[in-house]
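Encoded as structure tokens, the structure appears first; notes follow it.
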Amino acid sequence: MTEPSVSPALPDPTAVPTADDATVVDESRRRLLTESLGIAASAIGFGFVYGLSARDAGFSPIEAMAMSTFVFAGAAQFAAVGYIASGLPWPAIVLLTALLNGRHLLYSAALAPWLRHVPFVRRAVMAHLLTDEAFALSIGHFRRIGRTDERGYWIAAVGATFIPWNLATFAGVTLGGQIPDPNSFGIDVIFPAAMIGLAVGLITGRRELAAAIVGAGVGVAVALLTSPTVGIIAGGLVGPAVGLLIPARVAHETAPLGSPASADRYSMPGRTRWRSGQEPPTEPGAQPDRPAPAEPEEDR
Amino acid sequence: MSVELVGLAVLMFAVTYPTRAVGLLAPGMERMPKLALAYLQLVGPAILTAIAAVSVMVRTDDTGATSFYIGVEWLAVAACLAIVAWRRNLFLGLIVAVAIVVVARAVGLSALPPS
């Protein structure tokens, strides 16, 4: 695989990153790595519990690892363990897996504008590694820097998730009960806490705030009426629709992507991110009638 | 060593991969209308908060029935949210969240989640 590129997302994919750009990317990558530590801890905990569950359900190590490698979707894998244990036929398991993983359609569509310049084959590999965690980490990173950073995606998808998940699965299915239940160490709370923390980083205006609040409310309501999976998908679909109802003129976008305000918002102090008079890159789908970006600010 | 379920894993992959790939690989995604792109920009905040809220507020029993759940996990997640909003430091937020849950469980204020 060739060196992943740091390519500007929009509007000009041919622009050459400046020294300032490179600094912003480096700082955002450091932040990404820190965030990845928490996600990796969560993946290790859940992966280990999955391995234990699979072992208890009669999976061999090869079978458990095949699930973690080929399917690589925690919720679907946990569900499959239960289905196998209860004797559900394979076609039903496959159908339920498709429904359970339907939310990935949203992730894929949301990342598409950012990754459109990545070569097809690499995008095809990226797709297999697209999980809740990879999406949350990478979209936050891209928005911080206002451009695509392919290496950032690999860090999120492979370093923070795929490797820890698979190593932990192997440990769980082979070591069994020799290691205490990770949930006794509070590992189970890392995932929802990480998701809400990463969502905070994406809220840069009233539209995002409305989408987040409505998404959570609709998600819980629908989950209680149907299932958690359906609830999450419903929240992900309805929240943005409600957010768009807020007119652009009152959206109060406080941190346009790639602007100094955005960089400061994401805690990368110590640099002037955008030179005076330089236009920050716009985000995919940026609204032309949004308020103009704030003037570049000096170091804090 | 049994490898029978490897076939099931491949079938599960076959239905999972398209959900992940269609947006990234389908031609023309970059030519979506602005409204669609604006909508997609809001998917992240909406779905991540939905995941977090459902994870801590909804429990599913062995029969698949769901119920509303109130527990110390709420406090832990809220603390993480507050720290990230205040300090912009997710890692610190996660540490605090875990600490709250561990302490609560150690002193008997909260039970382990069902496995």
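The values are calculated or read from the model by the stated rules, or taken from the named source; none is laboratory data. Predicted model, so just to flag it, every value in this text is computed and none were measured. Backbone-built Cβ (ideal geometry, glycine too); neighbour counts: all protein chains shown.
Tell me which residues, restricted to the range A:220-230, are facing another protein chain (nearest Cβ under 7 Å) and assigned to a helix (DSSP H, G or I).
Across the range A:220-230, the qualifying residues are A:V220, A:A223, A:L224, A:P228.
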- Subset of the range A:7-25 (residues that are closer than 25 Å to A:G197 by Cα and either among the hydrophobic types (A, V, I, L, M, F, W, C) or modelled with pLDDT of 90 or more (or both)): A:A9, A:V24, A:V25
- Query: Just for the range B:5-34: of the residues that are more than 7 Å from every other protein chain (Cβ to nearest Cβ) and modelled with pLDDT under 95, which one is nearest to A:A124 (Cα to Cα)?
  - Reply: B:A26
- Task: For the range A:58-65, state whether one or more residues are among the acidic types (D, E) and touching a residue at least 40 places away in the same chain (Cβ under 8 Å).
- Result: no
- Take the residues of the range B:36-55 that are within 7 Å of chain A (Cβ to nearest Cβ) and over 16 Å from the mean Cα position of the chain (by Cα): which is modelled with the lowest pLDDT? B:L37
- Query: Hey, A:L224 hits all of (1) touching a strand residue (DSSP E or B) at 6+ places or on another chain (Cβ under 9 Å); (2) buried (at least 23 other Cβ atoms within 10 Å of the Cβ) but one; which does it fall short on?
  - Reply: (2)
- Query: In the range A:124-140, which residues are touching a residue at least 60 places away in the same chain (Cβ under 8 Å) and within 7 Å of chain B (Cβ to nearest Cβ)?
  - Reply: A:D132, A:A136, A:I139
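Does A:V121 fit the bill of being of a type in the set (A, V, I, L, M, F, W, C), more than 9 Å from every other protein chain (Cβ to nearest Cβ), under 27 Å from B:R31 (Cα atoms) and free of Cβ contacts under 8 Å to residues at least 60 places away in the same chain?
Values: of a type in the set (A, V, I, L, M, F, W, C): yes; more than 9 Å from every other protein chain (Cβ to nearest Cβ): yes; under 27 Å from B:R31 (Cα atoms): yes; free of Cβ contacts under 8 Å to residues at least 60 places away in the same chain: yes.
Spelling it out, A:V121 is indeed of a type in the set (A, V, I, L, M, F, W, C), more than 9 Å from every other protein chain (Cβ to nearest Cβ), under 27 Å from B:R31 (Cα atoms) and free of Cβ contacts under 8 Å to residues at least 60 places away in the same chain.
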- Looking only at the range A:157-188, count how many residues are among the aromatic types (F, W, Y) and within 21 Å of the chain's Cα centre (by Cα). 2
- What residue, among those in the range A:182-219 that are assigned to a loop (DSSP other than H, G, I, E, B) and at the interface with chain B (Cβ under 7 Å from one of its Cβ atoms), is farthest from B:L75 (Cα to Cα)? A:I203
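Please enumerate the residues belonging to the range A:165-197 that are of a type in the set (A, V, I, L, M) and within 16 Å of B:V56 (Cα to Cα).
Once the filter is applied, which keeps residues that are of a type in the set (A, V, I, L, M) and within 16 Å of B:V56 (Cα to Cα), the range A:165-197 yields A:I187, A:V189, A:I190, A:A193, A:A194, A:M195, A:I196.
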- Sort out which residues of the range A:98-110 are at the interface with chain B (Cβ under 8 Å from one of its Cβ atoms) and in contact (Cβ under 8 Å) with a residue 40 or more places away in the chain, and write them in order of number. A:G102, A:R103, A:L106
- Message: I'd like to check something: does the range A:245-257 contain any residue that is buried (at least 21 other Cβ atoms within 10 Å of the Cβ), in a helix (DSSP H, G or I) and of a type outside the set (V, I, T)?
- Response: no
- Item | Single residue of the range A:208-221 satisfying the filter (within 12 Å of B:V54 (Cα to Cα) and of a type outside the set (A, V, I, L, M)) that is surrounded by the fewest Cβ atoms within 10 Å (Cβ to Cβ) | A:G217
- Task: Answer yes if at least one residue in the range A:55-73 is surrounded by fewer than 18 Cβ atoms within 10 Å (Cβ to Cβ), closer than 21 Å to A:P228 by Cβ and at pLDDT below 90, and no otherwise.
- Result: yes
- Do the conditions hold for A:T169, that is, is it surrounded by 22 or more Cβ atoms within 10 Å (Cβ to Cβ), modelled with pLDDT under 85, more than 7 Å from chain B (Cβ to nearest Cβ) and on the phi < 0 side of the Ramachandran plot? no
- Mind listing whichever residues of the range B:56-96 are within 18 Å of B:A111 (Cα to Cα), surrounded by fewer than 17 Cβ atoms within 10 Å (Cβ to Cβ) and at the interface with chain A (Cβ under 8 Å from one of its Cβ atoms)? B:T60, B:S67, B:F68
